[in-house]
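The values are calculated or read from the model by the stated rules, or taken from the named source; none is laboratory data. Bear in mind the structure is a predicted one, so any value in this text is a computation, not a measurement. Cβ atoms come from the backbone with ideal geometry, glycine included; neighbour counts cover every protein chain shown.
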Amino acid sequence: MTIYDVAERAGVGIATVSRAMRPGGSVSERTRGRVQAAIDELGFRPSHLGTSLASRRHAANGIVFPDLSGPYFAEVILGYEETATRLGRSVLILSTEGRDDPVAAVRDLAARVDGLVLLGRTVPDDVVTQLARSGLPVAFIARPATDGVATVRVDNAGGARELAAHLLERGFTAPRFLGDPDASPDVEERWDALRATLAAGGVHLTLTRAGFSVASGHTAAHQVLGETARPDVLVCANDEVALGAIDAAEELGLTVGRDVAVTGWDDIMAAQFSRPGLTTVRQPMRRLGAVAAELLDERLRDPSTPARSDVLPARLVVRPSTTSAPPGGKP
């Protein structure tokens, strides 16, 4: 979609379209209205990169998160901002958490930047398609690949299989997953791979839905550890959930690593220094943000560049929260 299409739809010349799109441009309100109607009908988006280069200003990129709290998001943002700054681009950050109309907020940001990075399921697929069709360069973090959209994500399935193999080797027979696979593409991939690998070893993984915060992990763990048929290992969607689970176990008089095991995901700093140390899967959070900035920059510099789909490795880190044997397990 180009400015020529807008001019043809509005019945004016391209110079008139250009003036109508500029604040204070010398066109009548009636003509401006016709041009705006044509823009809306066609889904046209002017090239802000061209505008910024013409005016000798730095381009601005946008990055959209579902939430800005927690160490995972902080690390991704740091990686993204460091790389975007090195590439000469400023960054606008948007969190959709608590917004009455997150889609409208994302569309508003898209109108003010030259490219956009979306993390996870911040907006529905149809909105992503509309943004990409408008000519806006888009990249994903931690979201399944889509034709024409650059993507960077972690090998969740590989990391989950490694974790499941560790649990099988340690002899756990009653694992419980704390998290919500429907709320995150990453968590869904981990859940699917964990469940399949454990099932292949004759072990059934059950699910207790929980949010992704320390408080959510504490609440969920307090509930399941009070059950008569108590799980022997809590497999948590991330380290924050796991830290909450450790607190809940201690409150109930259970020793983590002996009476019940706990695992996490991410390997945030607190996982290394918790007592006991937390067995987890390390993902390169800061590198996720850095690669996303690089992918978007490639698309901005040359829109004809094929969209890449990068997968970063995840690695199991074993610590004392799983090294003591469960009842009936290996010494």
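The table that follows gives values for the structure above.
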read-out: Unmet criterion (only one of (1) within 17 Å of residue 200 (Cα to Cα); (2) buried (at least 18 other Cβ atoms within 10 Å of the Cβ)) for residue 153; value: (1)
read-out: Every residue from the stretch 176-194 that is surrounded by fewer than 21 Cβ atoms within 10 Å (Cβ to Cβ) and modelled with pLDDT of 95 or more; value: 180, 181, 188, 192, 193
read-out: Number of the exception - residue 269 against (1) farther than 15 Å from residue 177 by Cα; (2) surrounded by fewer than 16 Cβ atoms within 10 Å (Cβ to Cβ); (3) without any contact (Cβ under 8 Å) to a residue 12 or more places away in the chain; value: (3)
read-out: All strands (runs of 3 or more DSSP E) inside the stretch 249-331 with 1 or more residues being within 19 Å of residue 212 (Cβ to Cβ); value: 261-263, 280-282
read-out: Test for residue 117: is it touching a residue at least 60 places away in the same chain (Cβ under 8 Å), within 14 Å of residue 65 (Cα to Cα) and among the aliphatic types (A, V, I, L, M); value: yes
read-out: The one condition in (1) surrounded by fewer than 16 Cβ atoms within 10 Å (Cβ to Cβ); (2) in contact with a Gly (Cβ under 8 Å, 6 or more places away or on another chain) that residue 104 fails to fulfil; value: (2)
read-out: The one condition in (1) surrounded by 24 or more Cβ atoms within 10 Å (Cβ to Cβ); (2) over 28 Å from the mean Cα position of the chain (by Cα) that residue 293 fails to fulfil; value: (2)
read-out: Helices (runs of 4 or more DSSP H) fully within the stretch 134-245 counting 2 or more residues that are without any contact (Cβ under 8 Å) to a residue 60 or more places away in the chain, in the same structural domain as residue 265 (by TED's automatic domain parsing) and under 15 Å from residue 261 (Cα atoms); value: 156-170, 214-224
read-out: Single unsatisfied condition, residue 62 versus (1) at pLDDT below 80; (2) in contact with a Lys or Arg (Cβ under 9 Å, 6 or more places away or on another chain); value: (1)
read-out: Residues of the stretch 213-266 satisfying the condition of being crowded, with 16+ Cβ neighbours inside 10 Å, closer than 19 Å to residue 170 by Cα and of a type in the set (Ser, Thr, Tyr); value: 263
